[in-house]
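Worksheet for the structure shown next.
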Amino acid sequence: MVYSGIKRSSFLCAIGASVAFAVYNGWLSSLHMAPGADLYTAHRLVLAGLFATWLVADAQEGQRAPTFDHGGLALFFFGLYAPYYLISTRRGRGLLIFVGMALLFVLPALVEGIGSHVS
C-alpha cells in the first residue's frame, strides 16, 4: 500500500519536473537564449533519482528478489539497470515504460528544438 503511493508520487514528480523544465527551456528558446549545462545535468539527476525511487518501490511492492542492491546502484547504474529491470519483469510493457522514461529525459531538448524553429 505504501509503495504504490511512493511509486505514484515519484512518477508524478518526474513528469512535473520534466514539464516544468521543458516549459522554461521553451520560453528561453523563444527569447533566443538557453539554460546552462548545469541545469540540464540537474534535470537528469533529479529524473534519475525519481525513477530509481520508482524502481526500488516497485521491486519492494512486487516482492521481487533483487539481483543486487536496489538502493544506490539503481541510481548510479540507472541507464543499465532500468531497462534490465523493466524488461525482465514486464517484457513488452516494460519496454514501453522505459521509452516513456527516456522521453521525459529528452522532453526539454525537444521543446527547445521546436521553440527555436517556431520563433
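Just so it is clear, none of the values below were taken in a lab; they were calculated from the coordinates. On a predicted model such as this, the values are computed, not experimentally measured, just so you know. Methodologically, a virtual Cβ is constructed for each residue, glycine included, from the backbone with ideal geometry; neighbour enumeration extends over all protein chains shown.
The C-alpha atoms of the chain define a longest principal axis, and helix 2-30 lies at about 20 degrees to it. Fewest neighbouring Cβ atoms within 10 Å first, the residues 38, 58 line up as 38, 58. Rounded to the nearest 10 degrees, the angle from helix 37-62 to the longest Cα principal axis of the chain is 20 degrees. Remark on the chain: Rg and Dmax equal 15.8, 51 Å (Cα only). Per-residue 3J(HN,Hα) values for region 85-93, derived from phi via the Karplus relation 6.51 cos²θ - 1.76 cosθ + 1.60 with θ = phi - 60°, read 5, 5, 6, 6, 9, 10, 6, x, 5 Hz in sequence order (x marks Gly and Pro). Each residue, residue 2 and residue 118, gets one label point 7 Å from its Cα in the Cβ direction; the gap between the two is 4.4 nm.
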